[in-house]
1. How high is the relative contact order of segment 117-184, in percent, counting Cα pairs under 8 Å that sit 6 or more residues apart?
2. Dipole size in debye (nearest 20) for segment 153-224 around its Cα centre, Lys and Arg Cβ +1, Asp and Glu Cβ -1?
3. Order these peptides, 181-192, 108-119, by their mean beta-carbon neighbour count within 10 angstrom, highest first.
4. Between C205 and I106, with labels modelled 7 Å along Cα→Cβ, what's the label distance in nm to one decimal, could you check?
5. Can you tell me, using C-alpha contacts under 8 Å and at least 6 residues apart, the relative contact order of segment 135-224 as a whole percent?
6. Going out from 0 in 5 Å bins, what whole percent of all Cα-Cα distances in segment 103-224 drops into each bin?
7. Quantify, in whole percent, the carbon and sulfur part of the accessible surface of segment 180-224 (1.4 Å probe; protein heavy atoms only).
8. Taking H as built 1.01 Å from N, whose amide H comes closer than 5 Å to the amide H of N216, not counting residues under 5 places away?
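The values are calculated or read from the model by the stated rules, or taken from the named source; none is laboratory data. None of the values given here were measured: they were computed from a predicted structure. Note that each Cβ is placed from the backbone with ideal geometry, even for glycine, and that neighbours are counted across all protein chains shown. Heads up: the accessible areas ignore ligands, DNA and RNA and are worked out on the full protein's heavy atoms, side chains in. Shrake-Rupley method; radii C 1.70, N 1.55, O 1.52, S 1.80 Å.
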Amino acid sequence: MAAASATSSGTQSQLSCFSSINRSLHQLHLHRRRSISFPSSPRLPKFSVVMSAGGRATGTPDSDPYKGYESASKSMPYGEETNVEENSRSADLGVEKKSVYGSAMIHDFCFGIPFGALVLSGGIIGLLFSRTYTTFSGVLIGGGLLAFSTYSLKIWRQGKSSLPFVFGQAVLSAALLWKNVEVYSLTKSLFPAGFYAAISAAMLCFYIHVFISGGNPPPKKLQS
């Protein structure tokens, strides 16, 4: 009995030694795996872009990717972005319209239409009494002056440059001045040659002023 108990106690001691050795090996193996394995990369928080009313973007960490879009839509009232774009476009158009206008004191058609009508009516009256080259050229020049001044008014209302029509009126005024100076030098008559020469010289100076100033002034609604 004493030998059997001694054998069982020896067997138990051997089993406890093996179990302790196995535990120590298992712990060592786990420690090696933890030391060799790489640390996992930290997850970056998601950011949502929130547009403020002043147009600045601020990033805030958020778990919901659509929350930033909702807050941006709530921060700007409906239609405000469209109104801003329309205002910018209208401002650009206003700059373009102002660029085709000049800084003349008076529009060319303000004096050009009455001047052309006067020369045309004088040429028609002279043509009825004496069918000469002078009266016929007066009808042509007067008709051309009236047509150029009328088209200048039409183009000016469309917001375009009317400098070509101002130049045409200046050329016709110079031709009328030259013709009446020749007639006055031959006849020495103040009317109609002297009168048309004086008014043609004045209108020629006026057209030169409008052309040098860059064209007609802009409408009053653009000046304010």
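1. Relative contact order here is 28 percent.
2. 400
3. Result, highest mean first: 108-119, 181-192.
4. Result: 1.2 nm between the two label points.
5. Values: 71 pairs, mean separation 25.6, N = 90.
Once normalised by length, the contact order is 28 percent.
6. Final binned percentages: 2, 12, 21, 23, 16, 11, 7, 5, 2, 1, 0.
7. Using a 1.4 Å probe with all protein chains present, segment 180-224 comes out at 73 percent carbon and sulfur.
8. The list, which skips near neighbours in sequence, is G102, S162.
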